[in-house]
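Notes to accompany the following structure.
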Amino acid sequence: MKRKHRMKIGLRDRVFLGIVYFVLAVYFLLMLYPLLYVASASFSDPKAVAGGEMVLWPVRPSLSAYRYVFHYKEIWVGYANTVFYTVAGTLINLAVTLPCAYALSRRDLYGRGVLLALFMVTMYVSGGLIPGYLNLNDLGMVNTRWALLLPGAVSVYNLIVARTFFANTIPWELQEAAWLDGCSDAKAFVHIVLPLSAPIVAVLAIYYGVGHWNAYFNAMIYIRDRALYPLQVFLREILTQGQFMAQALQGGAAYTTEEMAVMIKQADTANMIKYAVIVVSAAPMMAVYPFIQKYFTKGVMIGSVKG
Amino acid sequence: MEKRSKKLAALLLGTVMCISVAGCGGQKGTPDAGGGAETPQSTESKAPAESAQAAETAAEVEELYYNKEGFPIVKEPITIEVAGVQGPTKDWGNTYFVKKVEEMMGIKMNCTTYADAATWQTQYATMLASDSLPDLMMQLNVSKVSTNMDGADGYLLDFSDYLDVMPNLAKYLESHPEYAAYHTTSDGSIYSLDKVNEVGPRWYSLFVSKADEEKYGFSVDDIKTTEDFYNVLKSIKEQDPDVIPLSLTIGGESGQRGILTIRNAFGLTGVENTLVMSVDGQGQVNLENLSDKYRAFLTYMNRLWEEELLDHETFIQTTDEFESKIADGKVVFWHSWSGINLVMGSNYGIYKDYDGLCAMTSEYQDEPIYTDQTPYTAAARVMVSAKTKYPEAICRLIDYVFTDEGRRFVLSGVEGETFDYVTDERGYQSVSYDGYWDQSKYASAQEWETQEVKIVNALDLWSVDASREFVEGLSDGELEALLDEGPDNGCMYSGFYENMIRKQVDKEIYASYQPLPLSLEEADEISQPQTDMELLIRQFRAQFIAGEKDIDTEWDSYVRQISSFWEQIQPVYQAAQDRAAASR
């Protein structure tokens, strides 16, 4: 009969492990509580939530918020737009970032150091909001979908991660062999390098995809047509609507009693649905995350310098 | 070799950069700046003042695109770009107002709205930078100083140049010099218009339910002084230690109107939330936050705090938490600017179950007074781009609002098309939407009105609260009957206040200090010190009331610190006050 040999853990190590587990448990609860709170609040009476009655579990549960959300047409318009921007935007990001990273990883590219330095300058210095707006305005992209797809097509951070991956992971000799056999740079990239780069492609797709899914600022600045808004902009509108109404009611003397009654109802509706909208907008990413988690953790180290 | 290549590359990139910077000159005066697309394109962009002057001669009147009187305003339909903060009306383009303006006046409005003021400010900045301001901007609540600054820089239309096509506004400015003074810059320009509440709704009091009055054995009619109020609160606390006798929200800059009832009782009749300014008989602008009256007020509030008669969450609770407490019956006296609606919903009949406390006296205030809200908010609501192609047409549209018919149009539409006038048995003429509103889509006529009839708070620049005018004309008996029996026609709110004021108030006044426009240099000069001073005042107020600082030992230090700012600020307000006084 085989006996498992267990290594004896000394007292100090046990104490240390205990502290580590305790700290991890605390962090876990700190991370878990907001998620549970939002989920519970989405099923609770909004007045109970606002009044602080709801601490963890739903109070006076109902599905009225979700019912309202599913009938709120603009949310579904936003959803469709967000899916489009995520898919199309990520494809554009990859189509631009990967070839650029490959080119910069090639030791035979003259001036790649200078080019990379110029790219890196943009990580710290930018033109700002107004020059950016003027630029897109002159290019005719304001109030079009392109305003959310093209600016930021290359994230320099991701570019550097990909470049490092190509430089350290794809054997130079393999590429040389391909060139010797008459393969062009483009063919070598498509047929040899890319198939070997599945991990980095997955990592970049995730980073870019999550970025697109959560993005709202560019849409807020460059888009005026509500039919083009992504979901996060509608979510932001709902979240700020309640605050706006409350501030307007408290701060201003400019509304009739009938208008105030309508504003109160709008603020109440906004409060009722805001947690449900948060759940609805975050649900896809949360559902997908368990399947792609390993790529996230890999992604932290995948672009690092090896050996 | 490598070094040489690097130098060459650096030189090349530097040259490219210089060329791109030199090419950044761009083109000015693009044809699309701020205009609609459907009119004949002019090959030059004229400044508005020049176009107004050019059209002066009789021979050129025939060539004008607009009609000086009557409707339609324009000879050929035009399209203008309109933008603003969305507010309660979600889809501006879908409203009767927008459609009727197109039909009646020939002006089609392409509307773009933004969710909140912060989004608007960002968009406004980008529009200014790209010279693409919409023709008409409304439902704003932006600083007068910044609009005057933008106007002086040539971005905004100067209404004073177009008063010849705005006779109603011109007449209003002449008959209301305070309104004119408020809107006019030091060089005589008017770059924005604000709403005037000529007769506005009453706007503050402390509320208490009649059930609580009976339960705790008191009546608001017996509360005449601040000491009476203190005794009542104390009695409530003794009878029920778990209840909160008085709850307010004094966090930040908003939600503080409930405190006005108590502040007025100490002779502090300024209406701003933080700064309490006044103008004395000699025209001197004073800061009451430094006065003995203010000290007495803070001492009184501290006393309420120490004895747990004032809610200890006063400075930190949110509106939602506050409302929730009131709805659960945990508070006896509370305030709400919008009245009982805010917490009880839109049920006008509920006013008969409540009483209000709106005036008291103290050793600093002999007679019970009620400060009416200032007719103008310290903001700009409507602006027009200086680059618009249709300044006269837009000005005529705005001018229409300053007629009785126009005022009703922007609020309710057209009689027979969206509403009917209804006069009840008491003689109150109200607007009824029965027979017009879509009951399948909306829970109430008011909701339909704010979504499909008008754009709330957009062009309704001239407000007269008809329900307040009506109840002020009722006898005491008629007023009581109104409160007991209804009708539930929107008069209850005004009736409630009128009843309270008749019983408790000797005199209604306006605050002696009214907001006045400052020049750009003046605003710049006091901007930072005023911000710092307000922050300090709020901080000290909270600390004195909550007992964190002892008012007796720290008062001198407080006065010293605030005075150091006020000495810089006072001359600016004094100059504005002197200008306004000279122009009357």
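The values are calculated or read from the model by the stated rules, or taken from the named source; none is laboratory data. Everything numeric here is computed off the predicted structure, so don't read it as measured data. Every residue, glycine among them, receives a Cβ derived from its backbone with ideal geometry; neighbour counts consider all protein chains shown.
Applying the criterion of at least 1 residues that are of a type in the set (D, E, K, R) and within 10 Å of chain A (Cβ to nearest Cβ) to the helices (runs of 4 or more DSSP H) found wholly in segment B:440-487 leaves B:445-448. Residues in segment B:118-154 that are under 19 Å from the mean Cα position of the chain (by Cα), surrounded by fewer than 19 Cβ atoms within 10 Å (Cβ to Cβ) and within 9 Å of chain A (Cβ to nearest Cβ): B:A118 only. Could you grab me the full set of residues in segment A:33-54 that are assigned to a loop (DSSP other than H, G, I, E, B) and within 14 Å of chain B (Cβ to nearest Cβ)? Those that are assigned to a loop (DSSP other than H, G, I, E, B) and within 14 Å of chain B (Cβ to nearest Cβ): A:S44, A:D45, A:G51, A:G52, A:E53, A:M54. Residue pairs whose Cβ atoms lie under 7 Å apart, sitting 6 or more positions apart in sequence or on different chains, and linking a residue in segment B:504-521 that is farther than 16 Å from B:S146 by Cβ to a partner that is assigned to a loop (DSSP other than H, G, I, E, B) and of a type in the set (D, E, K, R), are B:D506/B:E367; B:K507/B:E367. Every condition in (1) of a type outside the set (G, A, S); (2) surrounded by fewer than 16 Cβ atoms within 10 Å (Cβ to Cβ); (3) touching a Lys or Arg at 6+ places or on another chain (Cβ under 7 Å) holds for A:L104 except the one numbered (2).
Yes/no per residue for (1) touching a Phe, Trp or Tyr at 6+ places or on another chain (Cβ under 7 Å); (2) closer than 22 Å to B:D355 by Cβ; (3) of a type in the set (D, E, K, R):
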position	(1), (2), (3)
B:G413	yes, no, no
B:D424	no, no, yes
B:E469	no, no, yes
B:L479	no, yes, no
B:E508	yes, yes, yes
B:A511	no, no, no
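Of all residues in segment A:69-118, those satisfying the criterion of being of a type outside the set (A, V, I, L, M), within 14 Å of chain B (Cβ to nearest Cβ) and under 22 Å from the mean Cα position of the chain (by Cα) are A:E74, A:G78. Scanning segment B:186-197 for any residue that is away from every other protein chain (no Cβ under 12 Å) and either part of a helix (DSSP H, G or I) or in contact with a Pro (Cβ under 9 Å, 6 or more places away or on another chain) (or both) turns up at least one such residue.
Counting only residues that are at the interface with another protein chain (Cβ under 10 Å from one of its Cβ atoms) and at pLDDT below 80, segment B:328-343 holds 7 of them. In segment B:103-117, of all residues being under 23 Å from B:Y390 (Cβ atoms) and charged (D, E, K, R), the one that is farthest from the other protein chains (Cβ to nearest Cβ) corresponds to B:E103.
Under the condition of being over 22 Å from A:T164 (Cβ atoms) and not polar (S, T, N, Q), the residues counted in segment A:93-130 number 5. In summary, strands (runs of 3 or more DSSP E) completely within segment B:210-323 and bearing 2 or more residues that are closer than 14 Å to B:W334 by Cα occur at B:244-247. State whether the residues of segment A:87-110 include one that is of a type in the set (D, E, K, R), at pLDDT below 90 and out of contact with any Cys (no Cβ under 6 Å at 6 or more places or on another chain). Yes; the residues of segment A:87-110 include at least one that is of a type in the set (D, E, K, R), at pLDDT below 90 and out of contact with any Cys (no Cβ under 6 Å at 6 or more places or on another chain).
Restricting attention to segment B:560-578, the residues that are surrounded by fewer than 17 Cβ atoms within 10 Å (Cβ to Cβ) and in contact (Cβ under 8 Å) with a residue 60 or more places away in the chain add up to 3. The residues of segment B:164-187 that are in contact with a helix residue (DSSP H, G or I) (Cβ under 6 Å, 6 or more places away or on another chain) and of a type in the set (G, A, S), listed by number, are B:A170, B:A180, B:A181. Residue count for segment A:184-232 satisfying the condition of being under 24 Å from A:M141 (Cβ atoms) and in a loop (DSSP other than H, G, I, E, B): 7.
This table checks each residue for (1) touching a Pro at 6+ places or on another chain (Cβ under 8 Å); (2) surrounded by 22 or more Cβ atoms within 10 Å (Cβ to Cβ).
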| position | (1), (2) |
| --- | --- |
| B:W203 | no, no |
| B:L206 | no, yes |
| B:D212 | no, no |
| B:V220 | no, yes |
| B:T226 | no, yes |
| B:F229 | no, yes |
| B:K237 | yes, no |
| B:D242 | no, no |
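Among the residues of segment B:431-459, those identified as among the polar types (S, T, N, Q) and at pLDDT below 85 are B:S444, B:Q446, B:N457.
For segment B:559-575, state whether one or more residues are over 18 Å from B:L535 (Cα atoms), modelled with pLDDT under 95, of a type in the set (A, V, I, L, M, F, W, C) and touching a helix residue (DSSP H, G or I) at 6+ places or on another chain (Cβ under 8 Å). Yes, there is a match, as at least one residue in segment B:559-575 is over 18 Å from B:L535 (Cα atoms), modelled with pLDDT under 95, of a type in the set (A, V, I, L, M, F, W, C) and touching a helix residue (DSSP H, G or I) at 6+ places or on another chain (Cβ under 8 Å). Considering B:L163, B:L193, the condition of being buried (at least 20 other Cβ atoms within 10 Å of the Cβ), under 30 Å from B:G70 (Cβ atoms) and not small (G, A, S) is satisfied by B:L193 alone. B:N289 - would you say it is of a type outside the set (V, I, T), in contact with a strand residue (DSSP E or B) (Cβ under 8 Å, 6 or more places away or on another chain) and in contact (Cβ under 8 Å) with a residue 24 or more places away in the chain? It is false that B:N289 is of a type outside the set (V, I, T), in contact with a strand residue (DSSP E or B) (Cβ under 8 Å, 6 or more places away or on another chain) and in contact (Cβ under 8 Å) with a residue 24 or more places away in the chain. Number of residues in segment B:363-392 that are among the small types (G, A, S) and at pLDDT below 95: the value is 3. Within segment A:56-68, the set of residues being assigned to a loop (DSSP other than H, G, I, E, B), more than 14 Å from chain B (Cβ to nearest Cβ) and surrounded by fewer than 15 Cβ atoms within 10 Å (Cβ to Cβ) comprises A:L56, A:W57, A:P61, A:S62, A:L63. Of the residues in segment B:506-515, none is over 20 Å from B:E367 (Cβ atoms) and either among the basic types (K, R) or in a helix (DSSP H, G or I) (or both). Inside segment B:515-531, residues that are crowded, with 16+ Cβ neighbours inside 10 Å and either modelled with pLDDT of 90 or more or within 21 Å of the chain's Cα centre (by Cα) (or both) make up a count of 8.
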